[in-house]
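Colleague: Dropping a structure here in structure tokens format, bear with me for questions.
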């Protein structure tokens, strides 16, 4: 094994590689060298994934510059985000209208993501979130004029959310001017304090916007549908997960003492979000929009673990976050490719399974996994989530969660049924062939979803280590 | 291993297997079947003569430590039935040689009838209810196949269906009885069950089930309707079905279980149903036109008479009729088949010229059969009917019985006289062409009928357990006078060319031929069930739509919710604000609590 | 020792992969070969258990070690019978599908479904049970929506909606069991032996949840609406597998539920009443059906209700009877659906009003139909007799004469089926000639099913010895 100082070296190396990626992205953007950016950037991201993964397996805790702390929880998420970043980078190369600009922004976006995961203070968290949100807005705008509307929506509503968050931070300042995440538990007021309760409300509202929880999520489908699909994949696979990481660090490190106060709220939000996402997904005709609602409902499931508010629940949430990350990126990769062929609505997908086996099989597997059909990874996550709720005695939450989980199969089934129906094909006909980037990204996602579905031991183990480290155990 | 010998008597089973393996050779089928039946007759002769009383069992499967066996036993009653089946089977097969000559599908016919014979033999030797139930079901199914043999004819499938629908009631009840008996006594061995002490509710229930099952097989009221329709089957099958097999199974079953019915005090229903059926049968026989159906109603009457005797606990009388009826009924059916074959006509009013001159052997044999059925001394029928009459321990029943005897004499002579009328315009050539293979069994049966009176003397020699009834002169005289009167009336009414014709629309026909409206009852019952089915189908659709509606409500809700998603940034911002207010309210409520 | 389970799963997985990769013309042979191997292995398991009286087991890797869940399989006496049934029906379905008619998708889905069924019946823990359950649901969904007839998509969705309800209840119930057992466990054998230690209140919740789940799958009135559509709109092979095997998912689960939860005894009388209502309901609805596959569907529902009678009796004999009943139902209904499929192929219609004179066109089809009826109505020497006998002995000892009431429904079903025979199968008058004849493959399917219907009917001691041990 590596000595402690070599752990430190690994952390430095990881951040150095990230910095290198940002630099290369900026350089490429200045010189408009798309291919170079991709050829340098992709290996860097892959290497960084491996580096963060080894930081995680090292298991030690390192503080960096006083604002970042790498401990198993943050290292695991850093690795996950890097992995999903690699995949998004891969699919964006071919389909982004301004790939060099995208590369430059993507670096900052990743910095923000890692910042949130490794945050030690509220300032880092909020800045990280803002960095992520702004980068995303510009990425959408860069894609072309037609993208202005979703970008503006995201920008304005995001600004409201951030201001709400900052307001909450300001309230916390009155209790602990250092704004450090740890240490507040000892100095904070007793549960029930009005100011603190208001702060909690504002935190929840602000994060709920980012994490797309009902009723703060009405923007989600519009933006998901309006944004370029590779960005949609990023929104669903990364941005939203970042918000969950922020919720976890904020509520279980900073506010862990008040779990009795916020847990019922999260329970309520989880139920509302699941139902909202699923019921809306029932009536969608557009595949991208359908996935938007489906990922809202997935956010509801993830919230179950947070509502349970113990290490088991967080462990379950982490598994589900990882699972959904790969499922949704994989699914949107296929959707992205099909969109470029002109296939958008469920009706367009009619007979798709015969036109492209690749699309038929991979989309089916992703959707089945999202619906929680065993033995795919989505099932493992949900099993853990519902188990954690039952273990905590939250039977209604578990029951409604399970009900929703199976309800969702209905609309996934509709898409799958359409793909394998023999009715007339409306948009074009003949075989469709995917390109290497899409195939590579989808293959990685499929491998994760299927292999870890069959053998989820390692992923659960990792989630458990991360969760325990979050609780300081 | 000699104990297993009775099992070998089901040799026709082997024949059936051989036939179905050689299914493409229609010609070989009849010889294989015949060989099987002769072999079984030999084995049966050995068994009946030397192995009476033996039992043999082999375990089939076991349950909870209790064994379900295949048991054979050759107690006197078993031997009696076995002998009858053994004798009649080759005769029927021989008759089939001639009767089924022009028909195709020989192998199917001989396969089915061999299986049927084997089933009856197995039934005869079964020593426990498991074995008996196997044979019972085989009988039902093979009889179904045989009745429906000419399925291409329009009415045949329905006739077969009617038979099986009735029989299946008995099958299910038999199964229920087996379940009750096994649960109550943990044995299904008939001899063990006969020796159980006391009568419990469960015993009574099981006996009731068995009784109804027997009534379905033996076509007793209210399960009598299938029997006349079953005449749609080939005539050898009818002859077989009505003489020694199938319908006799019910009587036989009650006969061997009679001690239990006595113990449980359940003789009354047997007697009552027997009487009702006998009356229905006679009335129908008097008004029927179909040459075979008259005989079918006569069988129903004979069976009813046997049940009446059983109802008086007069087993000897019942068994005597059981034996003699076998021969004369087989003989009469064969005669009927020959007449049908000769004239191509089934309606006795349209049948002419049957007489001594047209076919001596056939005519004499038929008269012997008719006289025996009517009950003329010294033929078997005389002893049989007399036994039934004398068994009646109630005066009213006795009167009813002699009245039935009288009426049966009328209808059977009607059956004889109508075809014997002369019509010089019609050719009588057909009677001479009846093949020898059909006449031979008729002749053999005629001899057996002549000799069957001896059964009255021989049965007690073999089976000491049966108390013989004594013949009183007065009873004999009453019977003989009544029968002769019946003969006279029938002669006056029916022997001339223009016999009184009972139209299906006439009042007499409606009065006589209604079976107490049991057929109409079934028609309405089936209508009712069909209506019920329609109702349930509608209910099913309703349940379906309720559940579909429940699922669909989610979609409606989704469509309603779609309105908030209007793309306007204002709405989203307001929702955001509303969310915060909502959270505040929830928290406030939590805090107040 | 031969590693039977490994060979079974390897054969099925390999079959799925090969069928997916190779050309269509190989699909039929791959399907037949894989299912034949499965059948041989399952018969080996049965033989092994008959001779040695010990359970065949196989254990592989830890699936979710945190929950103590291993991927391990066991052929308990109950599963041995169901495995035999599954393997036979699978083989018959594969064999009868025909070289020309078997598409790649059909072969893959059939083998996937087989994998799910074999896995489910031999699962040693509830998580595996649930996983295979859902795989079975998914495979079935595709089977209906991919290979069915005209209205297959709506039938598939309906099936899916019901199955989801069942799966949801099942999953919640399983999680409750896990946290209810003193030592948190998903192990079926452990739960059966320690089920009584679960607090009564939790047991009640578990019982209600699982009962509903299994009721949907069996199906039992009033949660049966998916059934007729799913059975009717599937392809012939689909109907055989769904009615013969998938319905047993529910029945097997129900049996386990009654073994695991002692609280079940409290409700047994109500469940008997429900089963009896369901039986009569099924047969009464069947009367008015003009679609032959729909009619058989309701007959199938009737039989499942009878199986529930055996389970509800909570007696050893009743339970053994219900196990045998599952075998009988699987083989008999698969045969009837295969015959119905042939008839549909012969006339191009499923309407009883249109079908005339099957026996003229194909005697083997007509006789197979009749022999199928014999098994359904419990004629001795068919497998159905042993089932009915045992079930009703159990029901009688638990409920007295009331337990025998459902026999009336069997009676009605018998009458109804013979009516179909007389009106359609043998009635040759004023009808149409059958334009097509059944294929040799279909006839081979009949013979496989009939062989086992009579083999297990005449030699019941083999399986009864295994069940009894």
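The values are calculated or read from the model by the stated rules, or taken from the named source; none is laboratory data. Every value quoted in this text rests on a predicted model; they were computed, and no experiment measured them. Every residue, glycine as well, gets a Cβ built from its backbone with ideal geometry; the counts of neighbours run over all protein chains shown.
Colleague: Looking at the structure I just gave you, is residue C:136 facing chain A (nearest Cβ under 10 Å) and in a helix (DSSP H, G or I)?
Modeller: The answer is no for residue C:136.
Colleague: Tally the residues that are more than 12 Å from the chain's Cα centre (by Cα) and crowded, with 23+ Cβ neighbours inside 10 Å, restricting the search to region B:131-144.
Modeller: 3
Colleague: Residue C:66 versus (1) free of Cβ contacts under 8 Å to residues at least 24 places away in the same chain; (2) on the phi > 0 side of the Ramachandran plot: which is the lone unmet condition?
Modeller: The number of the failed condition is (2).
Colleague: Provide a single number: the residues in region A:434-464 that are away from every other protein chain (no Cβ under 12 Å) and in contact with a helix residue (DSSP H, G or I) (Cβ under 8 Å, 6 or more places away or on another chain).
Modeller: Number of matching residues: 14.
Colleague: Given B:539, B:525, B:532, which one is within 14 Å of chain C (Cβ to nearest Cβ), closer than 30 Å to residue C:222 by Cβ, under 32 Å from the mean Cα position of the chain (by Cα) and surrounded by 14 or more Cβ atoms within 10 Å (Cβ to Cβ)? Lay out the reasoning, then the answer.
Modeller: Values: B:539 fails: under 32 Å from the mean Cα position of the chain (by Cα); B:525 fails: surrounded by 14 or more Cβ atoms within 10 Å (Cβ to Cβ).
Criteria check complete, one pass: B:532.
Colleague: Here is a follow-up. Scan region C:152-183 residue by residue and report those that are free of Cβ contacts under 8 Å to residues at least 12 places away in the same chain and more than 8 Å from every other protein chain (Cβ to nearest Cβ).
Modeller: Answer for region C:152-183, where residues must be free of Cβ contacts under 8 Å to residues at least 12 places away in the same chain and more than 8 Å from every other protein chain (Cβ to nearest Cβ): just C:183.
Colleague: Is it the case that residue C:81 is in a helix (DSSP H, G or I) and under 25 Å from residue C:125 (Cα atoms)?
Modeller: Considered against the rule, which asks whether it is in a helix (DSSP H, G or I) and under 25 Å from residue C:125 (Cα atoms), residue C:81 comes out as yes.
Colleague: Still on this model: Restricting attention to helices (runs of 4 or more DSSP H) lying wholly within region C:220-322, give those where 3 or more residues are away from chain B (no Cβ under 14 Å).
Modeller: In region C:220-322, the matching helices (runs of 4 or more DSSP H) lie at C:236-241, C:247-260, C:264-287, C:292-312.
Colleague: Scanning region B:180-197 for residues that are surrounded by 15 or more Cβ atoms within 10 Å (Cβ to Cβ), within 20 Å of residue C:397 (Cβ to Cβ) and more than 14 Å from every other protein chain (Cβ to nearest Cβ), which turns out farthest from the chain's Cα centre (by Cα)?
Modeller: Among those that are surrounded by 15 or more Cβ atoms within 10 Å (Cβ to Cβ), within 20 Å of residue C:397 (Cβ to Cβ) and more than 14 Å from every other protein chain (Cβ to nearest Cβ), it is B:196.
Colleague: Let me ask something else. Being without any contact (Cβ under 8 Å) to a residue 60 or more places away in the chain and part of a helix (DSSP H, G or I) is true for just one of B:83, B:124, B:118. Which residue is that? Steps first, please.
Modeller: Details: B:124 fails: without any contact (Cβ under 8 Å) to a residue 60 or more places away in the chain; B:118 fails: without any contact (Cβ under 8 Å) to a residue 60 or more places away in the chain.
Selected residue: B:83, the only one of B:83, B:124, B:118 that is without any contact (Cβ under 8 Å) to a residue 60 or more places away in the chain and part of a helix (DSSP H, G or I).
Colleague: Given the condition buried (at least 23 other Cβ atoms within 10 Å of the Cβ), at pLDDT below 90 and in contact with a strand residue (DSSP E or B) (Cβ under 6 Å, 6 or more places away or on another chain), answer yes or no: does some residue in region C:10-21 qualify?
Modeller: no
Colleague: Going through A:376, A:352, A:363 one at a time, which residue ends up being closer than 17 Å to residue C:126 by Cα, surrounded by 23 or more Cβ atoms within 10 Å (Cβ to Cβ) and more than 9 Å from chain C (Cβ to nearest Cβ)?
Modeller: Just one listed residue meets the conditions, A:376.
A quick yes/no check of all residues on (1) more than 7 Å from every other protein chain (Cβ to nearest Cβ); (2) in contact with a helix residue (DSSP H, G or I) (Cβ under 8 Å, 6 or more places away or on another chain); (3) closer than 24 Å to residue A:211 by Cα:
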residue	(1), (2), (3)
B:545	yes, no, no
B:555	no, yes, no
B:561	no, yes, yes
B:567	no, yes, yes
B:576	no, yes, yes
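Colleague: Can you spot a residue in region B:361-368 that is over 19 Å from residue B:454 (Cα atoms), surrounded by fewer than 24 Cβ atoms within 10 Å (Cβ to Cβ) and in contact (Cβ under 8 Å) with a residue 60 or more places away in the chain?
Modeller: Yes; the residues of region B:361-368 include at least one that is over 19 Å from residue B:454 (Cα atoms), surrounded by fewer than 24 Cβ atoms within 10 Å (Cβ to Cβ) and in contact (Cβ under 8 Å) with a residue 60 or more places away in the chain.
Colleague: Give the number of residues within region A:188-243 that are assigned to a helix (DSSP H, G or I) and either away from chain B (no Cβ under 14 Å) or farther than 30 Å from residue A:257 by Cβ (or both). Spell out the reasoning first.
Modeller: Keep residues of region A:188-243 that are assigned to a helix (DSSP H, G or I), which gives A:194-211, A:219-226, A:229-243.
Next, only the ones that are either away from chain B (no Cβ under 14 Å) or farther than 30 Å from residue A:257 by Cβ (or both) stay: A:219-226, A:229-243.
Of the residues in that region, 23 qualify.
Colleague: Given the conditions (1) part of a helix (DSSP H, G or I); (2) within 30 Å of residue A:293 (Cβ to Cβ); (3) free of Cβ contacts under 8 Å to residues at least 60 places away in the same chain; (4) touching a helix residue (DSSP H, G or I) at 6+ places or on another chain (Cβ under 7 Å), report the number of the one that residue A:163 does not fulfil.
Modeller: Only one criterion in (1) part of a helix (DSSP H, G or I); (2) within 30 Å of residue A:293 (Cβ to Cβ); (3) free of Cβ contacts under 8 Å to residues at least 60 places away in the same chain; (4) touching a helix residue (DSSP H, G or I) at 6+ places or on another chain (Cβ under 7 Å) is unmet by residue A:163, namely (4).
Colleague: While we're looking at this one, here's another question. Within region C:183-219, how many residues are part of a helix (DSSP H, G or I) and farther than 30 Å from residue C:156 by Cα?
Modeller: 15
Colleague: Quick test of your reading of the structure: residue B:265 fulfils all but one of (1) within 24 Å of residue B:197 (Cα to Cα); (2) in contact with a helix residue (DSSP H, G or I) (Cβ under 8 Å, 6 or more places away or on another chain). Name the failing condition by number.
Modeller: With respect to (1) within 24 Å of residue B:197 (Cα to Cα); (2) in contact with a helix residue (DSSP H, G or I) (Cβ under 8 Å, 6 or more places away or on another chain), residue B:265 is out only on (2).
Colleague: Which one of these does residue B:270 not meet: (1) part of a helix (DSSP H, G or I); (2) in contact (Cβ under 8 Å) with a residue 60 or more places away in the chain?
Modeller: Condition not satisfied by residue B:270: (2).
Colleague: Let me ask something else about it. Given region B:155-258, what helices (runs of 4 or more DSSP H) lie entirely inside it while holding 2 or more residues that are over 19 Å from residue C:380 (Cα atoms) and touching a strand residue (DSSP E or B) at 6+ places or on another chain (Cβ under 7 Å)?
Modeller: It comes to none.
Colleague: Further question: If I filter region A:379-394 down to residues being more than 18 Å from residue C:134 (Cβ to Cβ) and within 8 Å of chain C (Cβ to nearest Cβ), which single residue comes out as surrounded by the fewest Cβ atoms within 10 Å (Cβ to Cβ)?
Modeller: Applying the filter and picking the extreme gives A:391.
Colleague: In addition: Consider residue B:480 carefully, then state whether it is closer than 25 Å to residue B:345 by Cβ and more than 27 Å from the chain's Cα centre (by Cα).
Modeller: Details: closer than 25 Å to residue B:345 by Cβ: no; more than 27 Å from the chain's Cα centre (by Cα): yes.
Criteria not met by residue B:480.
Colleague: When the residues of region B:58-80 are narrowed to those that are in contact (Cβ under 8 Å) with a residue 40 or more places away in the chain and in a loop (DSSP other than H, G, I, E, B), which ends up surrounded by the most Cβ atoms within 10 Å (Cβ to Cβ)?
Modeller: Checked region B:58-80; the qualifying residue surrounded by the most Cβ atoms within 10 Å (Cβ to Cβ) is B:74.
Colleague: Here's a follow-up. Would you mind finding the one in A:27, A:46, A:75, A:50 that is more than 24 Å from the chain's Cα centre (by Cα) and modelled with pLDDT of 85 or more?
Modeller: None of the others qualify; the one that does is A:27.
Colleague: Looking for something assigned to a loop (DSSP other than H, G, I, E, B) and away from chain B (no Cβ under 12 Å) - is there at least one such residue anywhere in region C:355-376?
Modeller: Yes: one or more hits.
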